[in-house]
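A.B. asks: One structure, as structure tokens, below. Some questions next.
The values are calculated or read from the model by the stated rules, or taken from the named source; none is laboratory data. Everything quoted here is computed from the prediction, not taken from an experiment. Glycine gets a Cβ as well: all are built from the backbone with ideal geometry, and neighbour counts include every protein chain shown. Calculation scope for accessible area: heavy atoms of the full protein, side chains included, ligands and nucleic acids excluded. Shrake-Rupley method; radii C 1.70, N 1.55, O 1.52, S 1.80 Å.
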Amino acid sequence: MNKWNHRHIIDLANFSQRDYTSVLELTHRFRSLPQSGARKLPALQGRLVATLFFEPSTRTRSSFELAARKLSADVQTFNPSSSSLNKGETTIDTALTYVAMGADVLVVRHRSTNVPAQLAAALEDAGKRTTVLNAGDGLHSHPSQGLLDLYTLAHHFDPLNPSPICLQNKKILIVGDILHSRVARSNLWAITACGADVILCGPPSLVPKDFQAFVEAPPPGLGPDPIRKRGKIEIEHKLEKALPKADAVMALRLQQERMRENLLSDIDRYQRDYGLNHEKLNLCKQPIPVLHPGPVNRGIEISSSLLEDRSICLVEEQVRNGIPTRMALLYLMAASESAT
Ligand code: CP
């Protein structure tokens, strides 16, 4: 296994080709383990993983907790609605409380961009060894989702050897609310790093022009881009023009809870223009898989019948792959921690 240099996982903008290879290799190994029965790996025995979700989640929190347990870690779940946040305690002080109780890993989701990064910096300043895994912050980043989507795509293209190379020269279409999507941002870093091009599609209000240059400059503080040559990003507002070029399509949820202005006045029209269904997929040159990170607005982003068509739709597969992907991340972080 390649050397792992990430003490915290906040963003995919600073992931190298070797990092993607390590995560996909390990995910594939963990995915091949029997899923049922009491068998656990001892890798995280004696470690405490705390899941601090200040924003709702079904998939990410549960799969991080299952992943941690499968690696024999102890797991502590934080429930914001019954916590001392309601008495005025800050997010950072809440997190530091879990560190004081012995947490080795904090898995953090927050509605505000940069909370996981601020927390990681606070821990470094305090000389703590606890690591932070970003489970989704505001519009910024959702690295474990980007990695499980990458694994799902690679596995679709080469089920026996799902590696970053499987995506080379492919075109991945991402359709929907790009503007508010941290999943889209993490996927842009991951997919272009593997040499695939991305087509972003949706109404102009949800797919601003500046996304075309999204991967050209890593965010401040992350250093130079470790990827020598990335795939390109193209914007196409008409789905019927984008679909014939795509090797896979990922629909994204309309994030109405994050829309501050009336960016979308007509949901029926959105569904007509950008909702995926079997009929629209007939525009593709060949059968292509459909992904969605979930939760799905059923019948809006994807028709019910397409969502339930397991021969095309990989949504369940993505959920399943979330567990071994998160096992891989926890394992790599624990391994790097033991080495330091
Ligand atoms: N995809 C995703 O982050 O889902 P949850 O909000 O259910 O965790």
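A.B. asks: Among the candidates 86, 79, 14, which residue alone is of a type outside the set (A, V, I, L, M, F, W, C) and under 21 Å from the mean Cα position of the chain (by Cα)?
C.D. replies: After applying the criteria, what remains is 14.
A.B. asks: Right, next: Keeping to the stretch 65-98, report how many residues are in contact with a Leu (Cβ under 7 Å, 6 or more places away or on another chain) and of a type outside the set (S, T, N, Q).
C.D. replies: Applying the first criterion (in contact with a Leu (Cβ under 7 Å, 6 or more places away or on another chain)) to the stretch 65-98 yields 67-68, 70-74, 76, 78, 92, 94-95, 98.
Applying the additional criterion that residues be of a type outside the set (S, T, N, Q) yields 67-68, 70-71, 73-74, 78, 92, 95, 98.
Matching residues across the stretch 65-98 total 10.
A.B. asks: State the number of residues belonging to the stretch 288-306 that are open to solvent by 30 Å² or more (accessible area, probe 1.4 Å) and either within 16 Å of the ligand (Cβ to nearest atom) or touching a residue at least 40 places away in the same chain (Cβ under 8 Å) (or both).
C.D. replies: Adding up the residues that qualify gives 5.
A.B. asks: Looking at this structure, is residue 316 open to solvent by 70 Å² or more (accessible area, probe 1.4 Å) and either modelled with pLDDT of 95 or more or not in a helix (DSSP H, G or I) (or both)? Steps first, please.
C.D. replies: Working: open to solvent by 70 Å² or more (accessible area, probe 1.4 Å): yes; either modelled with pLDDT of 95 or more or not in a helix (DSSP H, G or I) (or both): yes.
So residue 316 passes the test.
A.B. asks: May I ask you to say which residue of 181, 163 is assigned by TED's automatic domain parsing to the domain that holds residue 276, of a type in the set (Ser, Thr, Tyr) and open to solvent by 10 Å² or more (accessible area, probe 1.4 Å)? Can you show your working first?
C.D. replies: Values: 181 fails: open to solvent by 10 Å² or more (accessible area, probe 1.4 Å).
Checking each option against the conditions leaves just 163.
A.B. asks: Still on this model: Here are 229, 285: which of them is more than 16 Å from the ligand (Cβ to nearest atom), assigned to a loop (DSSP other than H, G, I, E, B) and under 17 Å from residue 187 (Cα atoms)? It would help to see each step written out before you state the result.
C.D. replies: Working: 285 fails: under 17 Å from residue 187 (Cα atoms).
Of the residues listed, the single one that is more than 16 Å from the ligand (Cβ to nearest atom), assigned to a loop (DSSP other than H, G, I, E, B) and under 17 Å from residue 187 (Cα atoms) is 229.
A.B. asks: If you don't mind, there's one more thing I want to ask. Would you check if there is a residue in the stretch 127-138 being under 25 Å from residue 299 (Cβ atoms) and within 16 Å of the ligand (Cβ to nearest atom)? If you could, list the steps in order and put the result at the bottom.
C.D. replies: First, pick out the residues of the stretch 127-138 that are under 25 Å from residue 299 (Cβ atoms): 136.
After this cut, where a residue has to be within 16 Å of the ligand (Cβ to nearest atom) as well, the list is 136.
Yes: the stretch 127-138 contains one or more residues that are under 25 Å from residue 299 (Cβ atoms) and within 16 Å of the ligand (Cβ to nearest atom).
A.B. asks: If residue 84 satisfies every condition in (1) within 16 Å of the ligand (Cβ to nearest atom); (2) open to solvent by less than 50 Å² (accessible area, probe 1.4 Å); (3) without any contact (Cβ under 8 Å) to a residue 24 or more places away in the chain but one, which is the exception?
C.D. replies: (1)
A.B. asks: Hey, does the stretch 48-65 have a residue that's more than 16 Å from the ligand (Cβ to nearest atom) and open to solvent by 60 Å² or more (accessible area, probe 1.4 Å)?
C.D. replies: Scanning the stretch 48-65 turns up no residue that is more than 16 Å from the ligand (Cβ to nearest atom) and open to solvent by 60 Å² or more (accessible area, probe 1.4 Å).
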